[in-house]
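Shown next, in structure tokens, is the structure this report addresses.
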Amino acid sequence: MRMTTTAMTTGAPRQLPAGWMQRVAWTALVWCSLGMLVWVPFLYVAIRRGLPSDWGAFAAFALYECVTLPWAVITSEDDSDAFFGGAVIVTFLVASWLLLFAVFDAKTRPALAPAYGQPPYQQQPGYPYGR
């Protein structure tokens with residue numbers, strides 16, 4: 001279920017349309033940077049759309065980054081930290097799901113404008129009741 005919110009001053013819905021290539025590119029950034037740049041797509045969304053929930057998602061992933069980097073450096077002696085690895089994988093999966101399915105709106109084609117001044121049916125000249 002997708003709920004669009006409206007801007008307070010204009011009344012226009014705040015939407016951020018994106019195609020599948022853009023969604024996959026943001027997800028690839030998360031995975032290829034090994035989570036170091038997981039906050040970047042959410043900053044982009046928060047700046048473009050400006051909803052409080054977008055800023056909350058950005059803050060959550062930025063906080064995740066600020067906690068996991070020192071945690072990885074402090075616990076460098078134990079390479080088999082299963083909890084840390086599980087937290088990283090779960091974060092990657094949550095970020096991927098959000099970027100692919102929840103954050104961006106589907107692109108829509110603009111509706112064709114109606115042709116004003118032209119009748120929808122033009123009657124042929126001649127006998128109107130058929131033959």
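List of remarks:
- Restricted to region 77-105, and to residues there that are exposed (fewer than 11 other Cβ atoms within 10 Å of the Cβ) and of a type in the set (Asp, Glu), the residue that is modelled with the lowest pLDDT is 79.
- Test for residue 74: is it at pLDDT 90 or above and farther than 26 Å from residue 19 by Cβ: no
- Scanning region 32-47 for residues that are surrounded by 14 or more Cβ atoms within 10 Å (Cβ to Cβ) and assigned to a helix (DSSP H, G or I) yields 40, 41, 42, 43, 44, 45, 46.
- Scope region 17-50; condition among the β-branched types (Val, Ile, Thr) and under 15 Å from residue 98 (Cα atoms); matching residues: 24, 27, 30, 38, 40, 45
- Members of region 18-31 found to be in contact (Cβ under 8 Å) with a residue 40 or more places away in the chain, part of a helix (DSSP H, G or I) and not β-branched (Val, Ile, Thr), listed by number: 22, 23, 26, 31
The values are calculated or read from the model by the stated rules, or taken from the named source; none is laboratory data. Predicted model, so just to flag it, every value in this text is computed and none were measured. No Cβ is skipped: glycine too gets one built from the backbone with ideal geometry, and neighbour counts run over all protein chains shown.
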